[in-house]
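One structure below.
The values are calculated or read from the model by the stated rules, or taken from the named source; none is laboratory data. A quick note: this is a predicted structure, and the numbers were derived from the prediction, not measured. Note: ideal-geometry Cβ built from the backbone for every residue, glycine included; neighbour counts use all protein chains shown.
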């Protein structure tokens, strides 16, 4: 049973004017079997949290801890974090021209599983997972994310989630830019991944994905930290009243 | 400028004629050629034809100061369907492939003492020819001609290895209805300089495929010129180059469509990987395609892609398409230079793929498209070569520490 612990995490982004603090003391624990939704206004630092945990070089951790099953995540390289069981479904998946999706998926699965998957079962596995997400087979031969629509990119992020089966998945605005059908398909993919062994940190601006993926916990993120936590009912409150109260409070606090 | 602008005028061919000055010529078809080195002025480095080439590193090939007294041995073994001859300068066949179009090619032509002529007849087994550099500090001029008889079908690998400086001309003369695949590898030692002109002459209904692989050497400049002697010719030129820190790899192509119903397809890919504190890794690709007025029903496409893996690298790419008739099937050209950037690296790593593997994945995929053009099966198949070149590319990656 896995646990991701984020303890008093502070992080800065490097800008032309020097480092700019974004995360200001994030505390959060995600256990296997739990789905946590992080909701917050634009610019509150939600995506920074996701990228900081994944190890994006643009963000510098200034203090705090991130532990996966007690192991220090921040001391690991980006690929080590992934192999340790962390996964980040990105808001803007990166295009990698020249590398086919098939080649990429197999390389990733080989790295994560520690050995190359057996070819016959692998092909079946990939085809099945693609079909579950309504991805046509021709995508296997296309370059990673190159020329994909927003919805196609998100489907492929969830495809990777399905194939790599991480301990803890961080989904960064996986719902953004999706039409209703795509949102349903992608949500179903996430729900298939949900299990007592897996934890999810779902980052979103809107509540509509929570109609499809019911969270166990909802956290409001503002001013670079979690300002309020509750159950699914907190999302309803946000739906009704918006983020304004939290934005004001965060502004007053900083 | 008083010279009228012509659509598609090849800028680097400006001044190719008349002493290679800066006066533009109107067309790639008007490019000056001569067997005589003295007919060309010594380039100063500002000419379009030479402006990308670091003349200081040419070891005197361009200004007459190279002694050219070394020997670059050609190793080839005759086999069934393959005739190997060593001939003098006066052999009637020499020059059938084409005429030098720059001073170094003319220098080599003026200096060589004997040429190797390899003739393919029928359907011989794949042949390997090795050209060894003259050795560190030495300079040499060479001449090789590959020719086919009508209806011949052959595959030949031309490997360049060793140290030293070599200027040479390669003539490839395809008889009517013959098919030839040539794989040219530049696998030189770090010190080597190779400036080579390839004269590719294609007969009626003949098919030529050239796969160029540039890996080694300090400076390697390859200038292929394709001419069609009669209709029905089909030419595919593909190439890859991997430029490390300090390396200069240059490819200058001219495909001259002067007769109807011919095809050409050009695809070159270069990867560059430099290092701080040394000369930039540099690739240059010049692709000129000329469709002359008589060349109706031409079908042509050319594409250059460059992958810049690191800082301290520079890729120059100049595709030119010059069309003098509208009665063609298709004509296209494209060039794209992309960077392997931190975001791509982060994305691949975030899926568990270690940094070195991520870089290899990208380079391997990038070059795969070229290497897969090397036939591995069938009568002209080269099962081991592709594997060997893949290994050589891996070794390059390892040397540069990625």
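Values for this structure:
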quantity	calculated
Region B:257-268, subset surrounded by fewer than 23 Cβ atoms within 10 Å (Cβ to Cβ) and over 12 Å from the mean Cα position of the chain (by Cα), residue nearest to residue B:236 (Cα to Cα)	B:265
Scope region B:180-207; condition over 17 Å from residue B:254 (Cβ atoms) and in contact with a helix residue (DSSP H, G or I) (Cβ under 9 Å, 6 or more places away or on another chain); matching residues	B:183, B:185, B:187, B:193
Extreme residue, nearest to the chain's Cα centre (by Cα), among residues of region B:19-58 that are over 26 Å from residue B:112 (Cβ atoms) and at pLDDT below 65	B:27
Positions within region A:238-254 being touching a strand residue (DSSP E or B) at 6+ places or on another chain (Cβ under 8 Å) and assigned to a helix (DSSP H, G or I), in sequence order	A:238, A:246, A:247, A:249, A:250
Single condition residue A:66 does not satisfy, out of (1) away from chain B (no Cβ under 14 Å); (2) over 23 Å from residue A:209 (Cβ atoms); (3) more than 16 Å from the chain's Cα centre (by Cα)	(3)
Residue within region A:69-85 that is within 12 Å of chain B (Cβ to nearest Cβ), on the phi > 0 side of the Ramachandran plot and not in a strand (DSSP E or B) present	yes
Wholly enclosed helices (runs of 4 or more DSSP H) of region B:306-402 bearing at least 3 residues within 14 Å of chain A (Cβ to nearest Cβ), under 18 Å from residue A:99 (Cβ atoms) and more than 26 Å from the chain's Cα centre (by Cα)	B:342-349, B:355-371
Yes/no for residue B:343 being surrounded by fewer than 20 Cβ atoms within 10 Å (Cβ to Cβ) and out of contact with any strand residue (DSSP E or B) (no Cβ under 8 Å at 6 or more places or on another chain)	yes
Residue B:238 vs. criteria within 13 Å of the chain's Cα centre (by Cα) and surrounded by fewer than 24 Cβ atoms within 10 Å (Cβ to Cβ)	yes
Failed item in (1) assigned to a helix (DSSP H, G or I); (2) more than 14 Å from chain B (Cβ to nearest Cβ), with residue A:33 passing the rest	(1)
Exclusive hit being touching a helix residue (DSSP H, G or I) at 6+ places or on another chain (Cβ under 8 Å) and surrounded by fewer than 16 Cβ atoms within 10 Å (Cβ to Cβ), set B:369, B:327, B:394	B:394
Condition broken by residue A:47, with the remaining ones in (1) touching a strand residue (DSSP E or B) at 6+ places or on another chain (Cβ under 8 Å); (2) under 16 Å from residue A:172 (Cα atoms); (3) within 12 Å of chain B (Cβ to nearest Cβ) satisfied	(3)
Residue B:101 vs. criteria under 21 Å from the mean Cα position of the chain (by Cα), surrounded by 18 or more Cβ atoms within 10 Å (Cβ to Cβ), touching a residue at least 12 places away in the same chain (Cβ under 8 Å) and not in a loop (DSSP other than H, G, I, E, B)	no
Region A:14-44 - residue that is within 19 Å of the chain's Cα centre (by Cα) and at pLDDT below 95 and, of those, nearest to residue A:192 (Cα to Cα)	A:40
Filter pass, residue A:208 being touching a residue at least 60 places away in the same chain (Cβ under 8 Å) and in contact with a helix residue (DSSP H, G or I) (Cβ under 9 Å, 6 or more places away or on another chain)	no
Meets criteria (in contact with a helix residue (DSSP H, G or I) (Cβ under 6 Å, 6 or more places away or on another chain) and surrounded by fewer than 21 Cβ atoms within 10 Å (Cβ to Cβ)) for residue B:177	no
Identity of the residue in region B:119-132, touching a strand residue (DSSP E or B) at 6+ places or on another chain (Cβ under 6 Å) and not in a strand (DSSP E or B), that ends up nearest to residue B:57 (Cα to Cα)	B:126
Enumeration of residues in region B:272-305 that are over 30 Å from residue B:232 (Cβ atoms), in contact with a strand residue (DSSP E or B) (Cβ under 6 Å, 6 or more places away or on another chain) and not in a strand (DSSP E or B)	B:273, B:274, B:280
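Residues checked against (1) in contact with a strand residue (DSSP E or B) (Cβ under 6 Å, 6 or more places away or on another chain); (2) over 30 Å from residue B:294 (Cα atoms); (3) assigned to a loop (DSSP other than H, G, I, E, B):
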| residue | (1), (2), (3) |
| --- | --- |
| B:35 | no, no, yes |
| B:38 | no, yes, no |
| B:41 | no, yes, yes |
| B:46 | no, yes, yes |
| B:56 | no, yes, no |
| B:68 | yes, yes, yes |
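Condition check ((1) over 17 Å from the mean Cα position of the chain (by Cα); (2) surrounded by fewer than 22 Cβ atoms within 10 Å (Cβ to Cβ)) across all residues:
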| residue | (1), (2) |
| --- | --- |
| B:88 | yes, yes |
| B:97 | no, no |
| B:117 | yes, yes |
| B:131 | no, no |
| B:161 | no, yes |
| B:171 | no, no |
